[in-house]
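The values are calculated or read from the model by the stated rules, or taken from the named source; none is laboratory data. All of these numbers come straight from a predicted model, not from anything done at the bench. A quick note on method: Cβ atoms are made from the backbone with ideal geometry, for glycine too, and the neighbour counts reach across all protein chains shown. Ligands, DNA and RNA are excluded from the accessible area calculation, which covers all protein heavy atoms including side chains. Shrake-Rupley method; radii C 1.70, N 1.55, O 1.52, S 1.80 Å.
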Amino acid sequence: MSAFTWQKSSFCGEGNNCLNIAAFPDHTIRIRESEAPYSVITTTHPQLSLLIAAVKGNTLAPDA
């Protein structure tokens, strides 16, 4: 996985606890945290867009 370019979140600053994201040739988006680089979440652009919109709109369902 390290052959791909991981981008660090602009909200990360100087710390090591950062969110990284990469676009892969199979049209998936991979997300990882810098402190656990081998734990990777795979998603698609539309799914990630929906998640970001839900977080920004505070419309995520609470835990049951």
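Consider region 43-57 and keep the residues that are of a type outside the set (S, T, N, Q) and out of contact with any strand residue (DSSP E or B) (no Cβ under 8 Å at 6 or more places or on another chain). The one that is least open to solvent (accessible area, probe 1.4 Å) is 54.
Within region 42-62, residues that are small (Gly, Ala, Ser) sit with their Cβ atoms under 7 Å from residues that are open to solvent by 90 Å² or more (accessible area, probe 1.4 Å), at 6+ positions apart or across chains, in these pairs: 54/60. Scanning region 8-23 for residues that are open to solvent by less than 100 Å² (accessible area, probe 1.4 Å) and within 12 Å of the chain's Cα centre (by Cα) returns 9, 18, 19, 20, 21, 22, 23. For region 24-33, a residue qualifies if it is surrounded by 11 or more Cβ atoms within 10 Å (Cβ to Cβ) and either free of Cβ contacts under 8 Å to residues at least 12 places away in the same chain or more than 18 Å from residue 12 (Cα to Cα) (or both), and the qualifying residues are 24, 28, 29. Mind checking which residues of region 34-55 are among the aliphatic types (A, V, I, L, M) and over 21 Å from residue 12 (Cβ atoms)? Selection gives 50, 53, 54.
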